[in-house]
Amino acid sequence: MNRSINQSNESLKSKPKTKRLSLMDRFRLAGKNWQLLIMIMPVIIFFIVFHYVPMYGVQIAFRRFMPVHGIWGSPWVGLDHFTRFFNMHYAGRLIWNTLSLSLYSLAAGFPMPILLALAINEIKDGRFKKFIQTVTYAPNFISVVVIVGMIITFLSPSTGVINHLLDFLGMERQHFMQNPRWFRHIYVLSGIWQTTGWGTVIYLAALSGVDTQLHEAATIDGATRLQRLWYINVPVLVPTMIILLIMNFGGIMAVGFEKVFLMQNSLNMGTSDVIATFTYRTGLLEGQYSYAAAIGLFNSLINSVMLLTVNWIARKYSETSLI
């Protein structure tokens, strides 16, 4: 058993290391494959037009923007808006709410697609496997508005099925949506239910590349199913896990605005008010465009720093990274 497992580990480690190409080498390689460049050109144009050109407007974060004067006609104020935000008495609460919600979602939600993919991969009955995949994928296609509507209906203190169950068990009914302590749990658990099934797609694709001969050899040597799963399947998923983890850390401050906004009310603001909702109120409702742009720029800067940091750590301690 140990021999077959060691052979599987050695086969994974014995893959030749690919040499990282320099930027000039990549340009030369791209020039030789100009047909592929033509095919990807619409995508490049899309990102330039809708993602890079709008960066021109980021400078309003350093100006006192007035629409009648335009961007260049508005006075330059430097870092005044950033200073104002950090001097605000509830800036710490906004940052903490955003970070805690993101880290909680990452810690609780990231392992779930991996575990579900490993479990689905072990199902031998084809029809039952497809049924499980369909059932777990389906919530991903439900609108966020519908999801929040379902949450509010199920957790209603008077008519919600959860409170009916609590009442049946002799427990006190709870005002879940009005209690700040419950907001993070409801947000994260409902997110896990909605996205876990779809997140398994990438991991199942990676598991499809596992050599069946490794499992056969391990079975002959007496390896249990759990041992084969841990020593053969999991190492195959590690590169994919690292890439997705880096990307998730790159959006650590980008809490989904729509769901938070729809679940938010005046009673749970203590934990539901995040940077995205504050930027919405400040920028669109109060018309403080420069102030809101400064807060959004700070948020994006933190995401960029986290992405580069985690990518650097992954590249240093493993062979897998984004760049």
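Numerical summary
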read-out	value
F176 vs. criteria of a type in the set (F, W, Y) and farther than 18 Å from F261 by Cα	no
The range 88-117, residues that are under 30 Å from N233 (Cβ atoms) and either among the polar types (S, T, N, Q) or modelled with pLDDT under 90 (or both)	S102, S105
Where A292 falls short, out of the listed (1) crowded, with 18+ Cβ neighbours inside 10 Å; (2) of a type in the set (A, V, I, L, M); (3) farther than 30 Å from G70 by Cα	(3)
Verdict on V148 being of a type in the set (A, V, I, L, M, F, W, C), on the phi < 0 side of the Ramachandran plot and touching a Phe, Trp or Tyr at 6+ places or on another chain (Cβ under 6 Å)	no
Residues satisfying the stated conditions in the range 213-244, i.e. of a type in the set (D, E, K, R) and farther than 27 Å from T320 by Cα	E216, D221, R225
Residue within the range 300-313 that is over 27 Å from V145 (Cβ atoms), among the β-branched types (V, I, T) and crowded, with 19+ Cβ neighbours inside 10 Å present	yes
Enumeration of residues in the range 53-84 that are hydroxyl-bearing (S, T, Y) and exposed (fewer than 10 other Cβ atoms within 10 Å of the Cβ)	Y56
Residue match in the range 209-217 (condition: modelled with pLDDT of 90 or more, among the β-branched types (V, I, T) and more than 23 Å from S100 (Cα to Cα))	no
Residue tally, condition among the small types (G, A, S) and either closer than 18 Å to S304 by Cβ or within 13 Å of the chain's Cα centre (by Cα) (or both), over the range 228-276	5
Restricting the range 219-241 to residues that are among the hydroxyl-bearing types (S, T, Y) and assigned to a helix (DSSP H, G or I), the residue that is nearest to T200 (Cα to Cα)	T240
Total residues in the range 59-77, condition over 13 Å from Q288 (Cα atoms) and in contact (Cβ under 8 Å) with a residue 12 or more places away in the chain	6
Elements of type helices (runs of 4 or more DSSP H) in the range 242-319, at least 2 residues being without any contact (Cβ under 8 Å) to a residue 60 or more places away in the chain	257-263, 275-280, 289-317
Entirely in the range 1-87, the helices (runs of 4 or more DSSP H) that have 1 or more residues that are modelled with pLDDT of 70 or more	23-32, 34-47, 70-73, 80-87
Total residues in the range 211-225, condition surrounded by fewer than 18 Cβ atoms within 10 Å (Cβ to Cβ) and either free of Cβ contacts under 8 Å to residues at least 24 places away in the same chain or closer than 20 Å to I120 by Cβ (or both)	7
Subset of the range 263-275 (residues that are over 17 Å from A91 (Cα atoms) and either in contact with a Cys (Cβ under 7 Å, 6 or more places away or on another chain) or loosely packed, with under 15 Cβ neighbours inside 10 Å (or both))	N265, S266, L267
Candidate set: the range 101-136, residues that are among the β-branched types (V, I, T) and assigned to a helix (DSSP H, G or I); chosen: the one nearest to G197 (Cα to Cα)	T136
Qualifying positions in the range 232-241 - β-branched (V, I, T) and touching a residue at least 60 places away in the same chain (Cβ under 8 Å)	I232, V234, V236, V238
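Listed here are the residues, each with its yes/no results for (1) under 16 Å from P111 (Cβ atoms); (2) in contact with a helix residue (DSSP H, G or I) (Cβ under 9 Å, 6 or more places away or on another chain); (3) of a type in the set (A, V, I, L, M).
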| position | (1), (2), (3) |
| --- | --- |
| G160 | no, yes, no |
| L166 | no, no, yes |
| Q174 | no, yes, no |
| M177 | no, yes, yes |
| R181 | no, yes, no |
| T212 | no, no, no |
| H215 | no, yes, no |
| A223 | no, yes, yes |
| L226 | no, no, yes |
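The values are calculated or read from the model by the stated rules, or taken from the named source; none is laboratory data. All of these numbers come straight from a predicted model, not from anything done at the bench. As a convention, Cβ positions derive from the backbone with ideal geometry for all residues, glycine included, and neighbour counts pool all protein chains shown.
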